[in-house]
Amino acid sequence: MKTPHPTASPAAPTVAPDSYSDAELVKKLPGFTNHYVTVNGIQVHYVEGGSGEPLICLPGWPQTWWSFHPVAAQLAEHYRVIMLDIRGMGTSDKPATGYDKKTMGQDVYALTQQLGLSKVALMGHDIGGMVALSFAFNYPEATDKVILLDGSHPTEGMRYMTMLPAPGTFEAKMNGDNPYMWWMAFNQIKELPEQLLAGRFRYLLDWLFGYVMIDDSHMSEFDREVYAAAYNHPDSIRAATGWYQAFNQDIADANSYPRLTMPVLGIASYVAYNHMSMGLPHVAENVEVIGLPDSGHYMFEEKPARVLDVVLPFLQAKPAQR
């Protein structure tokens with residue numbers, strides 16, 4: 001039995017990490033099941049439920065497939081929902097390489113082929129949004145629609161992110177007009193993040209949720225422990241930083257991609273609206289960006305009903321040609 005890790009909150013429950021396993025978590029989502037398959041040379045984990053047209057859900061940092069649980073049941077009333085732990089996440093494999101978004105998109109495409117899905121809609125949050133766009137860029141014929149939540153493909157603009165925050169802009173909550181994301185640089189460092197954070201990742205989680213959410217009480221104690229358990233191991237931290245360390249390759253790959261023609265929906269919290277509303281029209285011809293100014297970065301937790309109000313009409317609108 002693993003020993004419980006130290007946490008930043010004295011109110012943290014003394015529950016064994018096994019309580020946060022895939023097998024236990026999926027019990028909280030009636031009608032959903034766990035699956036483990038080998039695709040593109042690695043084993044990946046996904047959770048599936050519902051029926052109808054396929055919707056691939058791709059999570060971001062520092063979460064897992066579990067991040068979609070506030071909206072999964074409602075989506076499954078209309079769609080075959082497939083929530084994937086992307087390469088390096090959760091109980092999916094964490095190889096030494098392959099964290100560029102083109103390779104991660106290949107993972108998702110290989111999964112769709114193994115499942116016999118000729119065309120899919122994708123919904124990606126944060127890093128998952130980067131992977132969703134890479135899939136669409138590289139497999140447009142297999143892409144019906146794309147939904148991006150506070151995430152887009154890496155571009156040259158990342159090279160101009162500020163190192164030093166402007167006076168008065170780095171406070172307890174992220175400034176939507178001058179967002180300061182120091183972890184973009186921190187996660188470029190090899191080996192040090194896992195040395196500092198292994199066994200104590202909960203400290204980072206609590207700070208991050210407080211910083212990028214308007215009301216971080218919507219991120220429950222249980223959810224925090226789920227993610228702490230998922231990221232406390234050095235290999236999990238190494239793999240997650242790999243997503244960031246591949247940005248230079250992602251930017252190089254993006255320079256060869258044509259604009260997307262399938263419908264693309266951007267859903268942006270107050271911390272990402274400016275970036276997404278300016279950036280997405282450069283990569284997609286048929287794009288709409290909707291802002292949720294009353295939500296922070298983790299929109300599924302803060303505003304699940306609002307997310308569904310936007311996502312379902314977009315998916316149910318006249319579909320792209322199949």
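Would you work out the charge dipole size for the chain about its Cα centre, treating the Cβ of every Lys and Arg as +1 and the Cβ of every Asp and Glu as -1, and quote it to the nearest 20 debye? Show your work: numbers first, answer last.
Values: 22 positive and 34 negative charges, 85 e Å.
Dipole magnitude for the chain comes out near 400 debye.
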Counting other Cβ atoms within 10 Å of each Cβ, which GluC sites (Glu not before Pro) in segment 116-214 have at most 16 and sit in a DSSP loop? E171, E191
For the chain, report the accessible area per residue in Å² (1.4 Å probe, heavy atoms, rounded to an integer). 42 Å²
How large is the accessible surface of D223 in square angstrom, using a 1.4 angstrom probe and rounding to the nearest 10? 10 Å²
In nm, the gap between the two label points placed 7 Å beyond Cα toward Cβ at S51 and W183 is 3.9 nm
Compute the distribution of all C-alpha to C-alpha distances in segment 160-258, in bins of 5 Å from 0, and list the percent of pairs in each, rounded to whole numbers. 2, 12, 17, 18, 20, 17, 9, 4, 1
Among L308, N286, Y298, flag the residue with its Cα farthest along the positive direction of the charge dipole of segment 268-322, charges on Cβ as +1 for Lys/Arg and -1 for Asp/Glu. N286
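If you rank T155, T261 by how much accessible surface each has, with a 1.4 Å probe, what is the order from largest down?
On the way: T155 60, T261 95 Å².
Sorted descending by solvent-accessible area, the residues read T261, T155.
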Cα convex hull volume per residue for segment 35-77, in Å³, equals 87 Å³
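Rounded to two decimals, what is the ratio between the C-alpha radius of gyration of segment 42-157 and 2.2 N^0.38 Å? Show your work: numbers first, answer last.
Values: Rg = 12.9 Å, N = 116, 2.2 N^0.38 = 13.4 Å.
Relative to the rule-of-thumb radius for its length, segment 42-157 sits at 0.96.
In the chain, what percentage of the DSSP-assigned beta bridges are antiparallel, given to the nearest 5?
Numbers: 13 of 37 bridges.
Roughly 35 percent of the DSSP beta bridges within the chain come out antiparallel.
Hey, got a sec? Which GluC sites (Glu not before Pro) in segment 267-307 land in a DSSP loop and have at most 16 other Cβ atoms within 10 Å? Spell out each step's value before the answer.
Values: sites: E285, E288, E301, E302; in loops: E285.
Loop-located and lightly packed - E285.
Mind putting a number on the dipole of segment 82-196 about its Cα centre? Charges go on the C-beta only, +1 for Lys and Arg and -1 for Asp and Glu, and I need it in Debye to the nearest 20. Kindly include the intermediate steps, with their values, before the conclusion.
On the way: 9 positive and 13 negative charges, 30 e Å.
Dipole size: approximately 140 debye.
Could you grab the relative contact order for the chain? Cα pairs under 8 Å, six or more apart, rounded to a whole percent.
19 percent
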Place a +1 charge on the Cβ of each Lys and Arg in segment 148-231 and a -1 charge on the Cβ of each Asp and Glu, then give the dipole magnitude about the Cα centre in debye, rounded to the nearest 20. 280 debye
Just report the Cα centroid separation between segment 22-38 and segment 43-116, whole Å. 12 Å
Two-site label geometry, T38 and A305: point separation in nm, points 7 Å out along Cα→Cβ: 4.7 nm
Of [x] 0.93; [y] 0.96; [z] 1.02, the label for Rg/Rh (Cα atoms, Kirkwood Rh) derived from the coordinates: [x]
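When the gyration tensor of segment 180-322 is built from Cα positions, what are the square roots of 5 times its three eigenvalues, in whole Å, from largest to smallest?
30, 22, 14
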What percentage of the solvent-accessible surface of segment 193-317, computed with a 1.4 Å probe over protein heavy atoms, is contributed by carbon and sulfur atoms? 54 percent
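The values are calculated or read from the model by the stated rules, or taken from the named source; none is laboratory data. These figures come from a predicted structure and were not determined experimentally. Reconstructed Cβ throughout: ideal geometry from the backbone, glycine too, with neighbour counts over all protein chains shown. Heads up: the accessible areas ignore ligands, DNA and RNA and are worked out on the full protein's heavy atoms, side chains in. Shrake-Rupley method; radii C 1.70, N 1.55, O 1.52, S 1.80 Å.
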